[in-house]
Structures are given as C-alpha cells and as structure tokens.
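One structure is given here, and the rest of the page talks about it.
The values are calculated or read from the model by the stated rules, or taken from the named source; none is laboratory data. The model shown is predicted, which means the values in this text are computed figures rather than measured ones. Ideal geometry is used to build each Cβ from the backbone, glycine not excepted, and the neighbour counts take in all protein chains shown. We work out accessible area using only protein heavy atoms, side chains counted, and drop any ligands, DNA or RNA first. Shrake-Rupley method; radii C 1.70, N 1.55, O 1.52, S 1.80 Å.
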Amino acid sequence: MTELENNILEILSDDHRVTAEQISAMLDVDVKEVEATIKALEDRGVIVKYNTIINWEKTDREFVAALIEVKVVPQRDQGFDVIAERIYRFPEVQSVYLMSGDYDLAVTVEGKTMKDIAYFVAERLSPLESVLSTATHFILKKYKVEGIILDDHEQDHRLAVSP
Amino acid sequence: MNIKDMISPIIRDMPPSGIRRFFDLVDEIEGAVSLGVGEPDFITPWHIREASIYSLEEGYTHYTSNWGLPGLRREIARYLSHRFNVDYNPEDQIIVTVGASEAIDLALRAIVTTGDEVLVPEPSYVSYMPCVEMAGGRVVPIVTKADDEFRLTAQALRETITPRTKALILPYPNNPTGGVMLRSDLEAIADVLEDTDILVLSDEIYAELTYGDTTHVSIASLPGMAERTVVISGFSKAFAMTGWRVGYAAGHKDIIAAMVKIHQYTMLCAPIMSQIAATEALRAGYNDGYEDIKRMHREYDRRRRLMVKSFNDMGLECFEPRGAFYVFPSIQRTGMSSDEFCERLLQEQKVAVVPGNAFGASGEGFIRCSYAYSIDALTEALKRIKVFAEKYVR
Ligand SMILES: Cc1ncc(COP(=O)(O)O)c(C=O)c1O
C-alpha cells in the first residue's frame, strides 16, 4: 500500500461521497491520479463496495438478528474456507468471521421473526455435515456497527463564532 | 450616581470585540453555516473524558495546589522536553492555568507596569492587546504581511524596539493567519533580542498543528532563550479540550512564581477534573506516540489543502498557511472592506466568516475562515462562498 492509497482509503472509509476532485485537493494530488488509484483499489478488490450504514431500528422494517457461534470440523486441505462459504452464501447471513477460541465461526443472521432464525439454524446450518454444534444469541440492540455509533447524540455544541 | 461613570476608564474605553459583534450578527441569521469558530470540531477523545469521569466517581472534587497537580506539571515538563526540546523544571517553572487565556493574562500582569511597551505582531489573537492594557502597558503593534507569510521579521522587530519595550508576544503558529515561524526566522529574532532586556511571551497553543515539512520550533529551545521566554500553551487545540479550560505556562522560576502569586488570589487553581483529564491526555500521548493528535492533524491537513485550493480557484488569493486551523484569504479583488464582505456574505449566502480586522487593523482586506469543520460542512460553505465570489471578484 502506498501512502496515497492509505490516505484515499481513510477518506473513503469515512465518507464515500467525497469526490475525486475533493480528494485531489485534500491530498494535493492530481485528480487523474486519484481516479486511477481508486480504480486500481476497486480492481484489486481492496475497495469492495460503497454502501450505506442504516439504523434499521429507526425504520418500520421488522427484523430480528442473531449471533450464532458455530463449531465445525475443518476440512483437509481447505481448512475453514469451504464451510464458511457454504454458510455465507445464504442471503440471510449478514457476516461470517473465523474466530480464535471456543468456537470457530461467528455468524450473524437476520430474519423477519425469531421463527425465521430458528428455522435457519435448524434446517440450514445444523444439517451441514461439518457443523458440530451451534449456539444462538439473539441481538437485542445494536449500538455501534462498523465503527459507527448508530444513535450518536454527540452534537456540535460550539458557538457559531469564537476567537 | 451614574453607574456608567463608575466603570474604570481602562475597561470603559476598551473597544468592543469585533468577534463578539459578528457573533451577534450571525446569531440572527437562520440556516447560516459558519466557518467562524476558533476551536476544534472534534470532541475530546473518549479516554480523556473517561479519566475525568472516573476521577469524579473517585471523589476528586477538591482544590489542587496553586501551581497545579504535581503529576500534571511533570507530564507537561516531559511533554515540552520530548516534543519541543524545551526544558523547564516541573517543581518551580511550570504553572497550570485556566486555559492559555489565563496564562497570557498572568504573564502580562506579572511583568508589565505602567508605561511599559509590549510588542505584538498583527494580525493576531484578540486577547493580547486588552490584557496588556489592563496590566497598564501599551501595545505596539508590528504589522506582518502576506508577502512574508505573516512572519515577524527581525527588521520589523528592530524598528519597533524602544527603551520602554518590556516584552514581545510571539503568537505562532498564528491565529488568524496560520503563519508559522521557521527555525531560521526565530534565530533572527533571537539575535535581535540577545543584547536587550526584552522578555518573550510565546503563545504556542497551536504548536501541534503545523503542516507539510514544517514542524513547530519553540523560541525557548534556541540557545540562551529559555530564561527570557515564557512558553504559553494548553490543551484546547491539540487535544480538542476548549471547554475544559486548562492550559499552562513555563518559564523562569521568578516569573512563574510571580504568576502563581496572582493566580492564587484570582483563580486559586484550575478545575481539578480538567487537570486530571489533561494529565491523561499527555500520559496517553507519551505512551502511544500522540495518536489523538496525529489523527486530528491528518484531517485538518486535508481540509487545509481543500480550503487553500478552493479560495485560490475563486480568485480570493490565499497564501498556504502552515499552522493552526485557519485560512486567511485576501478579499482585495472584491473591492470590499472586511466588514462589508463578511456582512454581505452572511446576508446573501448565509455563511459566517470573521473579518480580518477583528485581529488588528492590519487584518483589513482579509477574512479568517476556520477549517475546524467536517468536509461536508466545508463543502457546503465553499459552494456558497463560490457563488458570492463569482458575483463580486473582479
Ligand atoms: C492564539 C491563541 N491563544 C490562546 C487561545 C486561548 O486558548 P485557551 O482555550 O487555552 O484559553 C486561543 C483560543 O482561541 C488562541 O487562538
């Protein structure tokens, strides 16, 4: 990673709406070079996607989320990757992490109701032959997601003009 | 009895603050976006706040020593030495104050007597002149110029020194211009001062905010200068701690002792919860390589470049400031005065910036725009200023 790449990633990870022109001014780098660098980061899969963090609890969408601890048997030659993929391909799965410690995969899933989740665990996840056991924890409230505080009440309390 | 006549003439005749006047104007405009603040947009890092909250839980609600908490003074001494090569003894050469503001006042009151002249490079921070006058002294402004990147030159200094000159205020990195003094500039100033009995009050509150390959040099770190220099600084800018009201001064023990004398009767001590927070700021900084400062600095630097480029593109010529978090573009090409520009920009585009003349007469023809705002906020403000500039820049 070059310093330029790191700088661009830091800016875009904070707000992907910042334009190449703005980045060019902020970093004092030619706009063409900024565009090319971003393109290269996208092509290399470093920048995966530009999405939006939404506090769904403030919408009328009904959903339930759970964190499932999964113990699995790693497969010869392929370790955990194959079983992880078998799991993360399900659209209801929001994230899959390989963990150190007591269990192997931390899987978060979302559904409309608790029944959806129970169904997913019983019918989709547990039957996979490499899955040894699961422990499901329902998520009651999300405070901070991807480094972003969802309901941040800290505001700009500054006076409009000060010396 | 006419109460007005009871007010001391020094206070009565003090001109109203240009900033204050502008604040009142802005206050009336709804939906105004402001580039008018002189404080960080960042909120104090959580570990610093947390340390202070914990101290309250533990019952730290009392006075401290007049000098400030010994642990904080030791941290300040280590910090000044480590970051700026400035060595003062925490036992008797450092005082913790209620912001750099109090330190400025104390230092001036400790040294200035009636008739003394104090040299103040201008444009500069608004409190030097009133504090000098309240101490009974007289300000002799030294005009600095955009062509010199608002540095104080040895020649300008030499020309203003008289037998009555008691002190020089060295306000760098500068608010409002963003100007800094390089080592070579300071060496030239030190040369001039060497054979004089002039003290230096070096306001280094923006010391952590210098950009590009410029790093802050304290005049106190130059050979022979520590004794005659009072270094004034604080936590407001570097650690985003304006509301905590904690700062400090470091200097010759006789000057600091004199400052403590005033401080003990007027302030007693800086708030203990703020002193504890400040201790945490410096201790954690020393241990993690000043990560808080670096993170905020990186952001300021990006915004700074965005601002400089945007103003220059608009035809509002802007030298590249190397310090603080302000740009100070010239508005000459609009043919307006600073006041007129700022008032019309506020009325027409609802953007608040501060007229340069609020920082001394020589700030006329300039505006101070702070970039202590998110990129979003800056982008919106710049968009509006651009519309204004397109209409008026000739
Ligand atoms: C140059 C300068 N010195 C001192 C101060 C006062 O700082 P403090 O909050 O530590 O009193 C400021 C605040 O704006 C400043 O800009």
Do any of A:Lys58/B:Lys294; A:Lys71/A:Lys144; A:Lys49/B:Lys309; A:Lys32/B:Lys383; B:Lys166/B:Lys261 go past 32 Å between their Cα atoms, and which?
-> A:Lys58/B:Lys294
All other residues with a Cβ under 13 Å from the Cβ of B:Leu222 taken together, and with Lys, Arg as +1 and Asp, Glu as -1, what is their net charge?
-> -4
When you look at the Cβ of every residue in B:290-303, what mean number of other chain Cβ atoms sits within 10 Å?
-> 2
Quick tally, 1.4 Å probe accessible area for A:Glu57, A:Glu146, B:Glu159, sorted with the most first, runs A:Glu146, B:Glu159, A:Glu57
Output the relative contact order of chain A, whole-number percent, from Cα pairs under 8 angstrom with separation of 6+ residues.
-> 21 percent
Please sort B:255-261, B:103-109 by packing, taking for each peptide the average over its residues of neighbouring beta carbons within 10 angstrom, highest first.
-> B:103-109, B:255-261
Place a +1 charge on the Cβ of each Lys and Arg in the range B:1-151 and a -1 charge on the Cβ of each Asp and Glu, then give the dipole magnitude about the Cα centre in debye, rounded to the nearest 20.
-> 300 debye
Efficiency by 1/(1 + (r/R0)^6): what FRET value for A:Ser133 and A:Glu35, r their Cβ-Cβ distance, R0 = 56 Å, to the nearest 0.05?
-> 0.70
Starting from the amide H of B:Thr44, placed 1.01 Å from N in the peptide plane, find each other amide H under 5 Å away whose residue is 5 or more places distant or on another chain.
-> none
In square nanometres, what is the average projected area of the Cα convex hull of chain B?
-> 20.5 nm²
The ³J(HN,Hα) series, computed from each phi in the range A:14-29 with the Karplus coefficients 6.51, -1.76 and 1.60 at θ = phi - 60°, rounded to the nearest Hz and given as x for glycine or proline, is 7, 7, 7, 7, 4, 7, 4, 4, 5, 4, 4, 5, 5, 9, 6, 10
What figure in square angstrom, to the nearest 10, would you give for the accessible area of A:Val48 with a 1.4 Å probe?
-> 130 Å²
Cα-centre dipole for the range A:3-43 with unit charges at Cβ (Lys and Arg positive, Asp and Glu negative), debye to 20 | 120 debye
At least 20 Å along the helix axis (C-alpha) and Kyte average at least -1.0, DSSP helices within chain B | B:70-84, B:272-288, B:375-392
Peptide ranges B:67-77, A:17-27 listed from the most packed, as the mean C-beta count within 10 angstrom indicates | B:67-77, A:17-27
Take every DSSP beta bridge whose two residues both sit in chain B, then give the antiparallel share in percent to the nearest 5.
-> 40 percent
Those aspartates and glutamates that a straight Cα-Cα span of less than 19 Å connects to A:Lys112, excepting residues fewer than 8 apart in one chain | A:Glu57, A:Asp60, A:Glu62, A:Glu92, A:Glu123
Long-range amide H partners of B:Glu122, meaning residues 5 or more apart or on another chain whose placed amide H is closer than 5 Å, are B:Ile142, B:Val143, B:Thr144
When the Karplus curve 6.51 cos²θ - 1.76 cosθ + 1.60 is applied with θ = phi - 60°, which whole-Hz ³J(HN,Hα) does each residue of the range A:72-85 get, with x for Gly and Pro?
-> 9, 9, x, 9, 3, 6, 10, x, 9, 4, 5, 5, 4, 5
Over the protein assembly as shown: helical MRE at 222 nm, DSSP H runs n ≥ 4 each giving -39500 (n - 2.57), nearest 500 | -12000 deg cm²/dmol
Looking only at Cα atoms, what is the convex hull volume of the range A:3-43 per residue, in Å³?
-> 58 Å³
In whole Å and largest first, what semi-axes does the C-alpha gyration tensor of the protein assembly as shown yield when each eigenvalue is scaled by 5 and square-rooted?
-> 51, 29, 23
Selection from A:Val64, A:Gly101, A:Val121, by position along the positive dipole direction of the range A:56-141 (Cβ) = A:Val64
What's the average, rounded to a whole number, of partner chain beta-carbon atoms within 10 Å of each residue's beta-carbon in A:17-30?
-> 4
In terms of modelled amide H atoms, which long-range or inter-chain residues lie less than 5 Å from the amide H of B:Leu168?
-> B:Leu119, B:Leu199, B:Val200, B:Leu201
If you place +1 on the Cβ of every Lys and Arg, -1 on the Cβ of every Asp and Glu, and leave all else neutral, what size is the dipole of chain B about its Cα centre, to the nearest 20 Debye?
-> 440 debye
Per the charge dipole of the range B:222-340 (beta-carbon charges, Lys/Arg positive, Asp/Glu negative, Cα centre), the residue among B:Ala277, B:Asn287, B:His263 reaching farthest to the positive end is B:Asn287
Checking rank on A:116-128, B:333-345, with mean other Cβ inside 10 Å and highest first, the result is B:333-345, A:116-128
